[in-house]
Amino acid sequence: MQIKTMTKNEALEIIKWQYDEPYDFYNFPNPEQYELEILNENYRTQYFYSVYENNELIGLYEIHVEDNIATLGLGMKPDKTGQGNGQQFVENAIHFIKTQYPEVMIIDIAVVSFNERAMKVYERCGFTHYDDVLMMSYSTLHEFVKMKKEI
């Protein structure tokens, strides 16, 4: 997999990705209704990365680092999900964080509570559940499971 700072064109492609229920929670809302961080040039180039495999855009990583903790957000192209690709995708993100942010000691992930498929992948990659929280997502409160991995 190749990882690079996300461009505007890649962001515009990603926000069009559509997931089937119940994963449609991850569909981006209409950018005319919400200011999307992924479309903000300064924010995107600081925190968002495009993930390629065989010259195809297959996903994104969003990484925020503070006090030796990396908060990781992931998104995989809809037609790549549910096919056993998740573990390699997550392990690639872990490796990227280790090499690009050597000061990081903990990776933190929040996953919406119904997404047991993702939680199983994170557990196989060494993440452990440490909290349940309510978080806002596009003006709606949702329950999330917080997981972390020490590296």
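The values are calculated or read from the model by the stated rules, or taken from the named source; none is laboratory data. Nothing here was measured: the structure is a model prediction, and the numbers come from that model. In this analysis, Cβ positions are derived from the backbone assuming ideal geometry, glycine residues included, and neighbour counts consider all displayed protein chains.
Tabulated results
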quantity: Search result, residues across region 46-79 that are surrounded by fewer than 16 Cβ atoms within 10 Å (Cβ to Cβ) and more than 16 Å from residue 148 (Cα to Cα); calculated: 46, 52, 54, 55, 56, 78, 79
quantity: Candidate set: region 46-82, residues that are among the hydroxyl-bearing types (Ser, Thr, Tyr) and modelled with pLDDT of 95 or more; chosen: the one farthest from the chain's Cα centre (by Cα); calculated: 52
quantity: Counted residues, region 1-51 - those being hydroxyl-bearing (Ser, Thr, Tyr) and farther than 23 Å from residue 110 by Cα; calculated: 1
quantity: Of residues in region 6-38 being closer than 23 Å to residue 70 by Cβ and over 14 Å from the mean Cα position of the chain (by Cα), the one surrounded by the fewest Cβ atoms within 10 Å (Cβ to Cβ); calculated: 7
quantity: Checking residue 43 against (1) touching a residue at least 60 places away in the same chain (Cβ under 8 Å); (2) surrounded by fewer than 18 Cβ atoms within 10 Å (Cβ to Cβ), the condition it does not meet; calculated: (1)
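Residue by residue, here is whether (1) among the charged types (D, E, K, R); (2) surrounded by fewer than 15 Cβ atoms within 10 Å (Cβ to Cβ) holds:
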{"position": "84", "(1), (2)": "no, yes"}
{"position": "88", "(1), (2)": "no, yes"}
{"position": "95", "(1), (2)": "no, yes"}
{"position": "103", "(1), (2)": "yes, yes"}
{"position": "107", "(1), (2)": "no, no"}
{"position": "128", "(1), (2)": "no, yes"}
{"position": "135", "(1), (2)": "no, yes"}
{"position": "141", "(1), (2)": "no, yes"}
{"position": "145", "(1), (2)": "no, no"}
